[in-house]
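Undergrad: Before I ask anything, here is the structure I am working with.
The numbers here are math on the coordinates, done by the rules we state, and not lab data. None of the values given here were measured: they were computed from a predicted structure. Note that we place each Cβ from the backbone using ideal geometry, even for glycine, and neighbour counts take in every protein chain shown.
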Amino acid sequence: MKHTLIHLDSSPYSSLAVKEGLDLALVLATFEQPVDLCLSGAALSLLSTQQQPDSMQGKNLHKLLDGLEFYDIDNLFVESDKIAPNGENVWPGVTPLDTEQWQTLFSQYQQVFRF
Amino acid sequence: MQYTLLITGSPYQSKACHSALRFLNAAMKAYPDSIKGVFFYQDAVLIGNTLAQPPRDEINLTQAWQAAAEQHKVPLYLCIAAAVRRGIVNKTESQRYELDQHSLADGFQLEGLGTLVDLMNSTHKIIQFR
């Protein structure tokens with residue numbers, strides 16, 4: 001069985017990439033394939049607890065994060081210095097990594113997909 | 001070594017579909033059984049729109065993919081959810097959504113992401129073109 005990392009680095013509001021990346025993660029998990037997520041760049045805005053997009057602005061993908069544990073997706077990695085130090089307004093389920101851990105993350109998986 | 005190709009880049013905004021086709025042709029020429037299937041996701045599913053009419057002096061990429069799939073006997077899958085939301089529907093989906101027309105090009109099949117998971121587990125590597 002292959003261990004998959006889904007790397008989201010697009011804005012949740014500028015394209016469907018984050019939505020379709022998360023969909024792939026959920027399908028992998030449904031098929032009992034081990035999958036982790038990591039976020040960087042514009043995709044970090046997915047973590048903000050203070051967002052209420054209307055339908056014109058986009059789907060509220062932030063709400064999906066609380067459901068990840070029901071799919072046995074337990075790891076959502078971010079680089080620690082890219083989020084607020086006290087975790088204020090950040091979804092509490094993230095696993096912060098230091099720079100070295102972040103850099104080695106990508107070689108720990110059989111496959112990495114970027115969205 | 002057997003590969004799956006995952007293509008996510010739009011045929012209009014990127015060269016993902018072009019590069020993947022070149023890779024497919026080169027790989028199959030050198031190793032005839034090296035690619036088991038091609039899965040199109042995100043905007044790459046637009047490749048399966050039979051209604052698109054590129055100018056006559058430009059490459060018709062949909063036809064080029066159809067020819068390559070026929071020649072190499074490689075299945076071309078479009079993610080059904082990604083395709084339907086972008087207006088690529090086959091006869092079955094057209095009936096399901098009570099539409100008057102369908103738009104899926106010959107040689108392409110609508111499949112769920114589960115098909116990608118199957119390919120993932122039955123080939124050595126996936127190569128993403130984005």
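Undergrad: Looking at (1) assigned to a strand (DSSP E or B); (2) away from chain B (no Cβ under 14 Å), which is the only condition residue A:6 fails?
TA: (2)
Undergrad: Here's another thing I want to ask about it. Quickly run through region A:24-46 and pick out the residues that are touching a Gly at 6+ places or on another chain (Cβ under 9 Å) and over 30 Å from residue B:122 (Cα atoms).
TA: Selection gives A:43 alone.
Quick grid of which residues meet (1) of a type in the set (Val, Ile, Thr); (2) in contact (Cβ under 8 Å) with a residue 24 or more places away in the chain; (3) within 14 Å of residue A:18 (Cβ to Cβ):
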site	(1), (2), (3)
A:42	no, yes, yes
A:57	no, yes, yes
A:60	no, no, yes
A:72	no, yes, no
A:76	no, yes, yes
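Undergrad: Would you list the strands (runs of 3 or more DSSP E) that sit entirely within region A:27-115 and hold 2 or more residues that are more than 14 Å from chain B (Cβ to nearest Cβ) and crowded, with 18+ Cβ neighbours inside 10 Å?
TA: Correct list: A:35-39, A:76-79.
Undergrad: Are any residues in region B:11-21 crowded, with 18+ Cβ neighbours inside 10 Å and part of a loop (DSSP other than H, G, I, E, B), and if so, which ones?
TA: Within region B:11-21, just B:11 meets the criteria.
Undergrad: Could you check region B:69-130 for helices (runs of 4 or more DSSP H) lying wholly inside it with 2 or more residues that are surrounded by fewer than 18 Cβ atoms within 10 Å (Cβ to Cβ) and more than 14 Å from every other protein chain (Cβ to nearest Cβ)?
TA: The helices (runs of 4 or more DSSP H) meeting that bar are B:91-96.
Undergrad: Sticking with this one: Among what's in region A:13-26 and is within 21 Å of residue A:105 (Cβ to Cβ) and of a type outside the set (Gly, Ala, Ser), pick the residue that is nearest to the other protein chains (Cβ to nearest Cβ).
TA: Applying the filter and picking the extreme gives A:24.
Undergrad: Pairs needed: first member in region B:42-62, free of Cβ contacts under 8 Å to residues at least 12 places away in the same chain and more than 14 Å from chain A (Cβ to nearest Cβ); second member anywhere, crowded, with 22+ Cβ neighbours inside 10 Å and assigned to a loop (DSSP other than H, G, I, E, B); C-beta distance under 9 Å; at least 6 residues apart or different chains.
TA: Between residues of region B:42-62 that are free of Cβ contacts under 8 Å to residues at least 12 places away in the same chain and more than 14 Å from chain A (Cβ to nearest Cβ) and residues that are crowded, with 22+ Cβ neighbours inside 10 Å and assigned to a loop (DSSP other than H, G, I, E, B), the close pairs are B:52/B:11.
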